[in-house]
Amino acid sequence: MSVRVRRVHEPPEPEDGVRVLVDRLWPRGLTKEAARVDEWPKELTPSTGLRRWYHAQDRPFEEFRGRYEAELAAPGAAGALDRVRELAGKGPVTLLTASRHPERSHAAVLARLLGG
């Protein structure tokens, strides 16, 4: 499986494959045409409470990852994760996030779970 993480504000590339936005909110200042998002499974995003907890202070990424993985076990999130896993089994998938530090974001957790 080929899964990678990129910032949604970066221009699309041919090797992106299926482009999956994994943020709950649409990125500011970006048109849908420019983003070229193929899927937007909001069920995969961290809960508002977890997102606020993580960004409120300098929280350890490892603890965030554990809490987020627990949220991903919920039926709606698990189904959405299976859908993206299915897409990744057919070709490249790029997880898109507006996070300034994608390597320490929920997108990185998703990529690891998907084998990226």
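The values are calculated or read from the model by the stated rules, or taken from the named source; none is laboratory data. On a predicted model such as this, the values are computed, not experimentally measured, just so you know. Here the Cβ is made from the backbone with ideal geometry for all residues, glycine too, and neighbour counts use every protein chain on show.
Just the residues that are in a helix (DSSP H, G or I) and within 21 Å of Trp26 (Cβ to Cβ), please, taken from segment 82-108.
Matches in segment 82-108: Arg83, Val84, Leu87, Pro102, His106, Ala107, Ala108.
Can you report the number of residues in segment 11-31 which are at positive phi and in contact (Cβ under 8 Å) with a residue 24 or more places away in the chain? Steps first, answer last, please.
Just the residues of segment 11-31 that are at positive phi, to begin with: 17, 29.
Checking which are in contact (Cβ under 8 Å) with a residue 24 or more places away in the chain leaves us with 17.
Adding up the residues that qualify gives 1.
For segment 52-63, indicate whether the set of residues that are of a type outside the set (Ser, Thr, Tyr), touching a residue at least 12 places away in the same chain (Cβ under 8 Å) and within 17 Å of Val5 (Cα to Cα) is non-empty. Looking through segment 52-63, at least one residue is of a type outside the set (Ser, Thr, Tyr), touching a residue at least 12 places away in the same chain (Cβ under 8 Å) and within 17 Å of Val5 (Cα to Cα).
One line per residue, one yes/no per condition, for (1) of a type in the set (Gly, Ala, Ser); (2) within 21 Å of Val8 (Cα to Cα); (3) surrounded by 17 or more Cβ atoms within 10 Å (Cβ to Cβ); (4) at pLDDT below 95:
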site: Val20; (1), (2), (3), (4): no, yes, yes, no
site: Trp26; (1), (2), (3), (4): no, yes, no, no
site: Gly29; (1), (2), (3), (4): yes, yes, no, yes
site: Glu33; (1), (2), (3), (4): no, yes, no, yes
site: Val37; (1), (2), (3), (4): no, yes, yes, no
site: Arg59; (1), (2), (3), (4): no, no, no, yes
site: Pro75; (1), (2), (3), (4): no, no, no, yes
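Given the criteria touching a residue at least 60 places away in the same chain (Cβ under 8 Å) and surrounded by 15 or more Cβ atoms within 10 Å (Cβ to Cβ), does Ala80 qualify? Walk me through how you get there before you give the answer.
On the way: touching a residue at least 60 places away in the same chain (Cβ under 8 Å): no; surrounded by 15 or more Cβ atoms within 10 Å (Cβ to Cβ): yes.
Taking the combined requirement at face value, the residue does not satisfy it.
When segment 32-50 is filtered for residues that are within 13 Å of the chain's Cα centre (by Cα), touching a residue at least 40 places away in the same chain (Cβ under 8 Å) and assigned to a helix (DSSP H, G or I), only Leu44 remains.
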